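Written below as structure tokens is the structure these notes are about.
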Amino acid sequence: MMTKFLEYRTIGNGPVRVLFAHAWSASSAAFEPLYPYLDVNAATWLFPDFRGYGASAALSGDFTIREMAADLLALVDELGWDRFHVVGHSMGGQAAQLLAAAVAQDRIETLTLISAVPSRGFPVDDESAAFFSAAAKDPDIMAKVCTVLTGGLLGSAFGSAMGKLSVETASPESLALYLEAWTQNDVSPDAQGFGGSVLALVGENDPVLTAQVTALQITNQYSSPRLVTLPGVGHFAPLEAPARLAALVSSHVFRTLDVLDDVDRANQTVPSKIVNAVKAAFTGYERNDRGALNALLAPNFTFEMSDSLPYGGQYVGPDEWVAFWKEVSKEWRYFRYEARDVLVSGAWVIVPVQTDSLSIHDIPMNNEHLFLFRVEGDRIVFCRLYADTARGRDVVQGIPPKRFPRADLHIKN
């Protein structure tokens, strides 16, 4: 019987509770490929249909992102869920961001976002708007949209299947109204502040909601987000890679991060433009150029160095990174580097360097540093500098650096 609440389907009856929020193109039926891979004894998995979709097709409303978040909250309240996890895909991810910030912080344990629309919405140009608008009315054009959103790598049959699923589970009127919602509704002022664990998943072949979009417009809302790129996947991970997605979501929900760590190790690759930017910044001494590197820093980029060094501490954001180097230049006539190597391991770039520098007191310094960078998607999110603390401190204070002899070892045979 239809109620004022969203209609839904549950899988499993375990004590852990997980709420899913579906995307624009179809109802929660798009999550059905996940069902065989979900632990039905450990968790209860809840799949509601938003107003105008699937079993909730008869529910009228405003069809906005705020209404979607409010409907999700009303449903879990009606079910008596005090604590739960939230998983949002695409448009549902935008509503999930708002929901996570709207409820008491101890209620939502984790937030998983799959190719999510940013909380501020995702405005599109006139040509794209016309394309999506036509898709809302015509399943053949919806098929073309879905083909594009998978990078065209799954062929026309996948697009046709998505077009069929869309026409079976969503009305043209609902699609048109929700299109306006996720492209024009900006809920970002009220989507800040969630302090729980955040996992953002993006498809390598998604041409629209890319890792860069996610890093710049979504994960920068959170203190310690994790961004994982899914190789070989486009926008529709629930249908393209259901077993892999179920494993990743479960790993986040159950806090068994082994699967996530395996993905990081096996699948995280550092884009060549980042490697090249690092090389340009730290190779060739007087040819050092940090311009390209600076342009690749994430908004939440953090730089750290030991406070046993001059200028030591934590600096947050690209502006503070740039200002840091300007401050350093006040103490040195020049300070330049030669990278001994640029090593990539998973999401890390490791750069051992030789320095060549001359202080304003005309004291030269040649020592070794190591820069450790972490990459998420195609942005650098973290750097730590390991350096010769004593020698740098001496030179900045105008004291020639003291050199110590090798230890006199007495080894008994």
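The values are calculated or read from the model by the stated rules, or taken from the named source; none is laboratory data. The model shown is predicted, which means the values in this text are computed figures rather than measured ones. Neighbour counts run over all protein chains shown; Cβ positions are idealised from the backbone, glycine included.
Points worth noting:
- Pairs with Cβ under 6 Å, 6+ apart, first in the range 46-64 and over 19 Å from LEU34 (Cα atoms) and touching a residue at least 60 places away in the same chain (Cβ under 8 Å), second among the hydrophobic types (A, V, I, L, M, F, W, C) and assigned to a loop (DSSP other than H, G, I, E, B): ARG51/LEU59
- Unmet requirement for THR283, which otherwise passes all of (1) touching a strand residue (DSSP E or B) at 6+ places or on another chain (Cβ under 6 Å); (2) polar (S, T, N, Q); (3) within 18 Å of LEU216 (Cα to Cα): (3)
- Qualifying residue in the range 159-168 (condition: more than 19 Å from PHE63 (Cβ to Cβ), under 25 Å from the mean Cα position of the chain (by Cα), assigned to a helix (DSSP H, G or I) and among the hydrophobic types (A, V, I, L, M, F, W, C)): no
- Any hit, the range 125-143, residues being out of contact with any Asp or Glu (no Cβ under 6 Å at 6 or more places or on another chain) and closer than 26 Å to ALA295 by Cα: yes
- Within the range 96-118, at least one residue is touching a Ser or Thr at 6+ places or on another chain (Cβ under 6 Å), in a helix (DSSP H, G or I), surrounded by 19 or more Cβ atoms within 10 Å (Cβ to Cβ) and at pLDDT 95 or above.
- Within the range 271-291, the set of residues being within 18 Å of PHE382 (Cβ to Cβ) and in contact with a helix residue (DSSP H, G or I) (Cβ under 7 Å, 6 or more places away or on another chain) comprises ALA277, VAL278, ALA281, ARG290.
- Among the residues of the range 21-38, just one is touching a residue at least 40 places away in the same chain (Cβ under 8 Å), under 11 Å from PHE50 (Cβ atoms) and outside any loop (DSSP other than H, G, I, E, B), namely ALA21.
- Condition broken by SER171, with the remaining ones in (1) over 24 Å from GLU240 (Cβ atoms); (2) touching a helix residue (DSSP H, G or I) at 6+ places or on another chain (Cβ under 6 Å) satisfied: (2)
- Taking the range 188-218 as the range and being of a type in the set (S, T, N, Q) and either touching a Cys at 6+ places or on another chain (Cβ under 8 Å) or under 15 Å from ILE114 (Cα atoms) (or both) as the test, the residues that pass are SER197, ASN205, THR210, GLN212, THR214, GLN217.
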